[in-house]
Amino acid sequence: MNSERLSVTAMSEDGSSESVREIEASEGRESLKGAVGSTDMHYVVENLFDDYKRVDYNEIVQMAEKTWRGNAWKGDRASAQLVLWSTNQGQEQVTLSVGDLKGDNNHNIDGSRISVHFVKSTKAARGNPSQGNPQEIIPDILGSTDPVNIEPFSVQPIWISIDVPKDAAAGWYKGHVTAASASGDSVSFNFELEVLDLTLPDVKDWGFFLDLWQNPYAVARVNNISSDQLWTKAHFDSMKPHYEMLAAAGQKVITTTVTYDPWNAQTYDIYDTMVKWTKKADGTYEFDFDIFDKWVQFMMDLGINKQIDAYSMVSWASKIKYYDELQNQEITEIVSVTDPSWSGMWRAFLEAFVPHLEEKGWLDITYMANDERSLDEMIKAVDLIEEVSGGRLKVSAAMNYNNLNDPRLDRIHNISVGLIYIEHDSKQLYSVSEHRRSLGLITTIYNCVGHYPNSFIRSNPAESVWVIWYTMRHKTDGYLRWAFDSFVENPFETTDFKTWESGDSAQVYPGVLSTVRFERMKEGIRDAIKVNYITEQDSALGEAIEKEIWKMEAVGFAVDPYNGVKDPGKVNIPQTVNRLKAVLDDASKQLIGAVH
């Protein structure tokens, strides 16, 4: 078939700029084409910036592979990305169909366990903060199975998830996925999945400590729950499938707020307090824990029940909102740690909170939580907490600094160290994690604005896996990230925000819709569970994996012209991830051989 090069002009929405690109156009009627892609990359019509590697149209049309091969444990999930594209003819009403995966001896994986999604796109800008900067279109949103139209010379990624039953027989399974348009054009893909004879533990038994912060106020807004409906049945009903998705990822922590706006309006939807403070006429304080109790119990019923984080005695703006009986109005007071009234107000709170938690049976899993506050400030809170609770009420902290040699950290029961503050070539965090674990303390790594690698919308998907493997490199207990669901105003239009990199504040979308990056994060977590399982079964195999993990290279750091992080180009992240996955696959098969 002959081909020719065509020039296509793209104009910005406001008409202020245009770009011209050369594409290959093939002769012939058939214009729906497709190939197997990689889950590590974004597939786009055009890569507008050089911040991250993308696979663009000119590269996509050279792709020819039609067979996907992969493996999974029993009870595991395997993911694939396919790419459709059109040539000189657009395609309307493109649909996807999938059947059973068929194995030997009539063993099948039912087609109902295979999810196929057209990946939807949204706009994401460069920079930190991102709002108002040049944007690109990123395919990120999963959950759509409705037919799509593909414009001429356009690209449409497809995300496939295969959930392997726990009782599946080990061996190879084969099947097909077909995309077809209303014009009669179609393209089929072969799927070959090897189910290994190992079983992934149940989510409730996962040891990986995952903490993705929740924002029930944002969930209310996107579900049209008005302020007077907060914490009603309608609110909880809207949150149930949303937080079931989080529970299924292995979430351990419930995010609660015991003061008003502890993050000082960093999110589009401000966190209110879940504890009502009342200053009585005689100057004493009274506390209503009703909302706190409802929220905690709701999340525990979903299986998120290992830790309750209460934000925050030491907050970003030191705000305390209370109802003043004498003035007959709500007062928001700024009370910093150095303020003489701070100790008195928080002592009153703790003296009510501790017995309430004890009565509910939650005291031993509740932590007074702090986000990026100085160690000196936090220790002042620790002193008061220990005094009032007798050491039973715990403390957690996300730290945007490296004070790992400070012995006072042993008084903070759960610390999370920012990724960019870790000394890559040092085993300092590795040793601190082991030391703290011996004391029954938790240590994790966290990601947020200004960190690389990451799970921003513009981050390449492989980064979400790399970060989880990096937690294993330093022997930490898990991973923390803000936030699971602090949605911007309309994330389906853009995930940009006035304060952060695009996509920083949410890993999913309204409507219980997952993302490419969240699926890859969960994949990394399952990798961590597998590594732990193999290590428990065969310490020599575990040590061999650990040696390979330690070979992860320092990735470097760079920013775009608008101060947003970008890929420095120093390390091939997908290559690193695939090397580590190959090590895990080899160890899995060695373990199977040793058992059998």
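Structure data summary
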quantity	calculated
Those residues of region 545-569 whose amide nitrogen sits under 19 Å from the label point placed on R437, 7 Å along Cα→Cβ	545-552
Length gained when the stretch N190-Y323 is fully extended (0.36 nm per residue, less Cα-Cα span)	41.5 nm
Whole-Hz ³J(HN,Hα) from phi, Karplus 6.51 cos²θ - 1.76 cosθ + 1.60, for region 568-577, glycine and proline x	x, x, 7, 10, 7, 4, x, 4, 4, 4
Neighbourhood charge, 9 Å Cβ-Cβ cut-off, centred on T535 and excluding it, Lys, Arg +1 and Asp, Glu -1	-4
Gained length - F492 relative to T95, 0.36 nm times residue gap less alpha-carbon distance	140.7 nm
Spin-label model distance (nm) - V559 vs D586, 7 Å beyond Cα toward Cβ	4.0
Positive dipole terminus of region 207-515, leading residue within T495, H356, Q329 (C-beta point charges)	T495
Shape call, region 207-515: gyration tensor on alpha carbons, a/c limit 1.5	oblate
Distant-in-sequence amide H partners of D140 (H built 1.01 Å from N, under 5 Å)	K120, S121, T122
Cut-off under 5 Å, modelled amide H: who pairs with T366 long-range	I308, K394
Reported label for calculated semi-axes √(5λ) of the Cα gyration tensor in Å given [x] 47, 25, 23; [y] 84, 35, 18; [z] 44, 29, 23	[z]
Helical mean residue ellipticity (222 nm; -39500 (n - 2.57) per DSSP H run of 4+; nearest 500) of the chain	-8500 deg cm²/dmol
Span from the region 57-119 Cα centroid across to the region 485-562 one, whole angstrom	23
Karplus 3J(HN,Hα) series, Hz, for region 269-280 with 6.51 cos²θ - 1.76 cosθ + 1.60 (x for Gly, Pro)	9, 5, 6, 8, 7, 8, 10, 7, 9, 10, 8, 6
Euclidean distance of C-alpha centroids, region 33-55 and region 266-314, integer Å	43
Ellipsoid semi-axes in whole angstrom, largest first, where each is sqrt(5λ) of the Cα gyration tensor of region 223-352	28, 16, 14
Under the Karplus curve 6.51 cos²θ - 1.76 cosθ + 1.60, θ = phi - 60°, whole-Hz ³J(HN,Hα) for region 51-63, x wherever Gly or Pro sits	5, 9, 5, 10, 9, 9, 4, 5, 7, 4, 5, 8, 6
Partners for K498 among lysines (Cα-Cα distance below 20 Å; same-chain residues under 8 apart left out)	K123, K566
Net charge contributed by nearby residues that have their C-beta within less than 13 Å of G361 (K/R +1, D/E -1)	-2
Contact order relative to length of the chain, as percent, for alpha carbon pairs under 8 angstrom and 6 or more apart	15
Potential extension, K66-D282 segment - 0.36 nm per residue separation minus Cα distance	70.2 nm
Paramagnetic label zone (point 7 Å from Cα along Cα-to-C-beta, A248; backbone N under 20 Å) in region 517-533	517-530
Sum of side-chain charges, S79 neighbourhood, beta-carbon under 14 Å (Lys, Arg +1; Asp, Glu -1)	+2
In degrees, nearest ten, helix 516-537 long axis to first principal axis of the chain (Cα)	80
Estimated FRET transfer efficiency (I420, S144; beta-carbon r; R0 22 Å; 0.05)	0.05
N106-D205 FRET efficiency (beta carbon distance; Förster radius 41 Å; 0.05 resolution)	0.85
Y401/H176 FRET efficiency (R0 56 Å; Cβ-Cβ; nearest 0.05)	0.60
Computed over region 134-196: relative contact order in percent, which uses C-alpha pairs under 8 Å that are six or more apart	27
Mean Cβ neighbour count within 10 Å, used as a protection proxy, ranking 263-270, 425-432, 378-385 highest first	378-385, 263-270, 425-432
Overall Cα dimensions of region 28-99, principal axis frame, Å, largest first	43, 35, 20
The chain: antiparallel DSSP beta bridges as a percent of all, rounded to 5	60
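No value in this document is a laboratory result; all are computed from the given coordinates. All values derive from a computational prediction rather than experimental measurement. For neighbour counting, all protein chains shown are included, and Cβ atoms are generated from backbone atoms with ideal geometry for every residue, glycine included.
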